[in-house]
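Read the structure below first, then the notes.
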Amino acid sequence: MANSEDLFKNIISHAKEYGFIFQSSEIYDGLSAVYDYGQNGSLLKNNIREYWWKAMVQLNENITGIDAAIFMHPTTWKASGHVDAFNDPLIDNRDSKKRYRADVLIEEHVAKIEAKIEKEVEKAAKRFENFDAVLYRTTNPRVAEYQKKIDEINLRFKTALETGDLAEVKQIIVDCEIVDPVSGTRNWTDVRQFNLMFSTQMGSVTEDANVIYLRPETAQGIFVNFLNVQKTGRMKIPFGIAQTGKAFRNEIVARQFIFRMREFEQMEMQYFVKPGTEMEWYNRWKEKRMNWHRTLGIPAEKYRFHDHLKLAHYANAACDIEFEFPFGFKELEGIHSRTDFDLKNHEKFSGKKLQYFDTDDNQNYIPYVVETSIGLDRMFLAVLSHSYKEEKFASANPSSGGLSDGSKRVVLQIPPFLAPIKVGVFPLVAKDGLPEKAHEIFNTLRYEQQCFYEEKDTIGRRYRRQDAIGTPYCITIDHQTLQDNTVTLRDRDTMQQERINVSEVSRVVNEKVDVRQWLKRL
Ligand code: GAP
């Protein structure tokens, strides 16, 4: 298996080669951090979205879904705090003309010092028997010196951010002697705050045009509709409103393929609860969301919680579910206890009451909110990177479909219900009446599942192409089919084939890819 950097590169080129993800407007050399989903990618993305929707909306009686507009009244973003506070500190290097997030430069510098500590500890562990790493970290003078540096930087940085002292943020970069990785120089500009919202204008004449924003999160469409849904749906607290849809952020540094994009999709749910009960719901939703991830069959150790120590101004608790991507553990989903911050501010800015009348307690209140928020594209990357397997066989594998070079294959072991194509239907050869019989089967199955028909090329190559896009099952129609009405059903992961009667094909396939098996694990 390739090292993780190579592996990630291989995954990216595989995603392009097999129609999952293309760079946006590639013929014009692309648009940075914007991607298009191809024929297989859009199917996989739809399936992930649908699985989330079924788990959140269909299976929870007290969660309902909406589809709010991307454009919202501009005051929405004043009320939510995004106009004033949705900023990243940026800095430019005058020589390379590259732009960086100042906080990321500092964090990367700290990570380098941490790596030096790890190296010292590793070296010492090799030198001494019965090595006590904890004791070494607290007593070794060199390690203590590094740790002191880290603590100093972290404290200065935290204070600078809290007080909004951007000159101090720059001074930290200068004092740490951080160089631009491209130019190698320290020729930095001042640090400026950069608002991440994209803006545009609504209205035909420039004079009366209003600045409006492309939503940076879908959540606000839920907040402003809170009472509409509660009243028309006769919802009783606690209840949730879910939504999936595009969000836009003018990220300063957009790297790592579809991990950080400027246009992306979120799947969010706001759960409205009685004030004072929010921590109980926050803990329940942490558990429920982690459970959703685990139903996919991805090993538990690929996920971990990361509790936020520094909370956003609106939160009284927050954590991330992190996933081990090929470039390390990174945020996949956020779970936030957002208090009544959003509803209270929308009430204030709109002048409209956003309160709930609790018939049990005979009182009005603004509910508290627990939010679960996952990036669909990040989830796509998690599924894609975990499913991608480069397999090598010691010798030609007899069940590989007769491919004479049968020593390697790339297979996407996507959970069957998420796979873009569920079944490949192939006549063994394109003659002797086999294509006609195969078409008959294909024309029945296509009403039930996303199928793919192909008759060109050797059967082994056709199997390989389906393995590469994660098709869990392939049906092959051969000469025996014409005699006894049986076909072979090939399993992507084991590459084993079994013969089944044509009359059984649709039942067997439908059962194998039936999403209910996974939903029942929730
Ligand atoms: N409403 C809360 C909210 O938007 P967030 O932590 O900023 O919280 C939630 O975003 C999720 O959206 C993240 O966990 C991540 O999966 C996804 N996300 C955020 N920014 C993204 C970006 N630039 N590209 C892709 N996904 C992103």
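Values quoted throughout were computed directly from the atomic coordinates according to the rules given, and no laboratory measurement underlies them. This one's a predicted model, so the numbers in the text were calculated from it and none came from an experiment. Cβ coordinates were reconstructed from backbone atoms using ideal geometry, including for glycine residues, and neighbour counts include every protein chain displayed.
Need one number: convex hull volume per residue for the chain, Cα atoms only, in Å³.
On the way: hull volume 117.5 nm³, N = 522.
Spread over its residues, the Cα hull of the chain gives 225 Å³ apiece.
Distance between the C-alpha centers of the stretch 18-45 and the stretch 100-139? Whole Å please. First find each Cα centre; the distance between them is then 39 Å.
Can you tell me the convex hull volume per residue for the stretch 423-522, based on C-alpha atoms, in Å³ to the nearest whole number? Let's see the in-between values first.
Numbers: hull volume 9.7 nm³, N = 100.
It comes to 97 Å³ per residue, whole-number rounded.
A Förster radius of 41 Å combined with the Cβ-Cβ distance from residue 347 to residue 50 puts the calculated FRET efficiency at roughly 0.75.
Pairs over the 25 Å Cα-Cα cut-off, from the set 123/310; 286/352; 231/274: 123/310; 286/352. For the stretch 451-494 versus the stretch 224-238, the spacing of their alpha-carbon centroids is 50 Å.
Arranged from fewest to most other beta-carbon atoms within 10 Å of their beta carbon, 129, 278 become 129, 278. Put in line by how crowded their Cβ is, counting other Cβ atoms within 10 Å and starting with the fewest, 467, 103 read 103, 467. What you get for the stretch 221-368, charging only the Cβ of Lys and Arg (+1) and of Asp and Glu (-1), is a dipole of about 320 debye around the Cα centre.
Taking the Cα centre of the stretch 1-113 as reference, the dipole from Cβ charges on Lys and Arg (+1) and Asp and Glu (-1) amounts to some 80 debye. In this structure, residue 122 and residue 60 have a Cβ-Cβ separation that, at R0 = 35 Å, corresponds to a calculated FRET efficiency of about 0.15. With contributions of -39500 (n - 2.57) from each DSSP H run of at least four residues, the per-residue ellipticity at 222 nm computed over the chain stands at -11500 deg cm²/dmol. What does the C-alpha gyration tensor say about the overall shape of the stretch 183-314? Classify as rounded when a/c is under 1.5, otherwise prolate if a/b is larger than b/c, or oblate. Here the stretch 183-314 falls in the oblate category.
Take every Cα pair under 8 Å whose residues are at least 6 apart in sequence, average their separation, divide by the length of the chain, and the relative contact order is 14 percent.
Among 145, 371, rank each residue by its count of other Cβ atoms within 10 Å, from fewest to most, as a rough exposure measure. Please list the in-between numbers first.
Working: 145 11, 371 24.
By the 10 Å Cβ count, ascending, the order reads 145, 371.
In terms of its Cα atoms, the stretch 1-159 spans 59, 50, 47 Å along the principal axes, sorted from long to short.
Extension gain, residue 429-residue 331: 0.36 nm per intervening residue step, less the Cα-Cα distance, totals 30.5 nm. In a fully extended conformation the segment linking residue 392 and residue 4 would gain 137.9 nm over its present Cα-Cα distance, using 0.36 nm per residue.
Taking 0.36 nm per residue of sequence separation and removing the Cα-Cα distance, the residue 204/residue 234 pair yields an extension gain of 6.9 nm. Using the Cβ-Cβ distance between residue 284 and residue 27 with R0 = 41 Å, the FRET efficiency computed as 1/(1 + (r/R0)^6) comes to roughly 0.25. When Rg and the Kirkwood Rh are both derived from Cα coordinates, the Rg/Rh ratio for the stretch 120-194 amounts to 1.16.
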